[in-house]
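Novice: Next up is a structure, given as structure tokens.
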Amino acid sequence: MSNIPIENILGTKSKIKILKLLVNHRVISFSEIKKQIRLNHTTLKKYLRELERAGIIKEHEINRFRIYSMSKKNPRAKLIEQLIKYWDNF
């Protein structure tokens, strides 16, 4: 498991929005994230790569489409998921 500081994971509003989308959808495509978050292609790709390197999210390729989901095995990903769900329902 990567030892990346939490501020690198939650450090931008856009990353938090990405994580919220992933928590609220079982899987979501790159293009759907881009449409909902309104980030440019390069920045979104960079943020997704950082979250994947940290083990927080998983990337899957299906018929040349990239889809993303929260990592189910990473305890930090589970904590982030719980935090977002708790925060949104409080």
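Novice: For the condition over 12 Å from the mean Cα position of the chain (by Cα) and surrounded by 16 or more Cβ atoms within 10 Å (Cβ to Cβ), what is the one hit in LEU79, LEU39, LEU22?
Specialist: Being over 12 Å from the mean Cα position of the chain (by Cα) and surrounded by 16 or more Cβ atoms within 10 Å (Cβ to Cβ) holds for just one of LEU79, LEU39, LEU22, which is LEU39.
Novice: Can you tell me which condition ILE16 does not meet? The list is (1) part of a helix (DSSP H, G or I); (2) surrounded by fewer than 12 Cβ atoms within 10 Å (Cβ to Cβ), and all the others hold.
Specialist: The number of the failed condition is (2).
Novice: Continuing with this model, one more query. What about ASN8, is it outside any helix (DSSP H, G or I) and either touching a strand residue (DSSP E or B) at 6+ places or on another chain (Cβ under 9 Å) or open to solvent by 30 Å² or more (accessible area, probe 1.4 Å) (or both)?
Specialist: For ASN8, the condition - outside any helix (DSSP H, G or I) and either touching a strand residue (DSSP E or B) at 6+ places or on another chain (Cβ under 9 Å) or open to solvent by 30 Å² or more (accessible area, probe 1.4 Å) (or both) - is not met.
Novice: Of all residues in segment 42-86, which are closer than 17 Å to HIS25 by Cα and in contact (Cβ under 8 Å) with a residue 40 or more places away in the chain?
Specialist: LEU51, ILE56, ILE67, TYR68, SER69, MET70, ILE80, GLU81, ILE84, LYS85 - these are the residues of segment 42-86 that are closer than 17 Å to HIS25 by Cα and in contact (Cβ under 8 Å) with a residue 40 or more places away in the chain.
Novice: Going by the conditions given, is GLU52 open to solvent by 90 Å² or more (accessible area, probe 1.4 Å) and of a type in the set (Asp, Glu)?
Specialist: Here the answer is no, as GLU52 does not meet what is asked.
The values are calculated or read from the model by the stated rules, or taken from the named source; none is laboratory data. Bear in mind that the values here come from a model prediction, so they are computed numbers and not experimental data. Positions of Cβ are backbone-derived with ideal geometry, glycine not excepted, and every protein chain shown enters the neighbour counts. The area values use the complete protein model at the heavy-atom level, side chains included, leaving out ligands, DNA and RNA. Shrake-Rupley method; radii C 1.70, N 1.55, O 1.52, S 1.80 Å.
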